[in-house]
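The values are calculated or read from the model by the stated rules, or taken from the named source; none is laboratory data. Please read all numbers here as calculations on a predicted model, not as lab measurements. Every residue, glycine as well, gets a Cβ built from its backbone with ideal geometry; the counts of neighbours run over all protein chains shown. Just the protein is used for accessible areas: all its heavy atoms, side chains included, with ligands, DNA and RNA removed. Shrake-Rupley method; radii C 1.70, N 1.55, O 1.52, S 1.80 Å.
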Amino acid sequence: MTERAAELTQANEQLERSEERYRLLAESSLTGVYHIQDSLFQYVNPSLASLFGYSVEEIVGKLGPIDLTAPADRDTVAENIRQRVEGRFHDIRYSFRGMRKDGNLIDVEVHGARIYHDGKPAIIGTLIDITERIQAEEQVRQLNEELEQRVLQRTAQLEAANKELEAFSY
């Protein structure tokens, strides 16, 4: 019996160390980490809470993903959650507009996967703020449009100048 007790003690210690590593990883991650079950966040790390302007305690067990989603994107987010919970997709990666506690909108990208926790479907995943990336992409798009317009204008000017030169040279 003492050998079995020692094995169980060792297994429990390994489990505790593993849980501690996971907790430290999730709690110190710069990426938002979440666990959704029964339409509510059952866990969020400090990075996710901070990104949306909340404390962890204000979110866990009180708010769900829809509460942190811009109204225009709520149907999409709800459908993506439903499809994962129902098992149509195991995991999914997509972006949407999030809504901070102060009402400001942010662009976020999520990658979440379906799991079973306490015998019920749940979703775990990560979330990152992509607002700056989206803004930079928009700036590049606008600069490209401006450049294309300048090229068209300059081409027209050069064509006109060539016509003048051709008329003058005869």
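Some notes on this structure:
- Among the residues making up the range 82-117, those that are closer than 18 Å to L63 by Cα and either in contact (Cβ under 8 Å) with a residue 60 or more places away in the chain or touching a helix residue (DSSP H, G or I) at 6+ places or on another chain (Cβ under 9 Å) (or both) are F96, R97, G98, M99, R100, K101, L105, I106, V108, V110, G112.
- Within the range 9-26, the set of residues being under 24 Å from V110 (Cα atoms) and open to solvent by 70 Å² or more (accessible area, probe 1.4 Å) comprises E19, R21, Y22, R23, L24, L25.
- Filter result (out of contact with any Phe, Trp or Tyr (no Cβ under 7 Å at 6 or more places or on another chain) and not in a loop (DSSP other than H, G, I, E, B)) within the range 52-63: V56, E57, E58
- S50 vs. criteria open to solvent by 50 Å² or more (accessible area, probe 1.4 Å), under 17 Å from the mean Cα position of the chain (by Cα) and more than 19 Å from A122 (Cβ to Cβ): yes
- Screening the candidates T126, T131 for the property of being closer than 30 Å to A78 by Cβ, at pLDDT below 95 and either in contact with a helix residue (DSSP H, G or I) (Cβ under 7 Å, 6 or more places away or on another chain) or hydroxyl-bearing (S, T, Y) (or both) yields one hit, T131.
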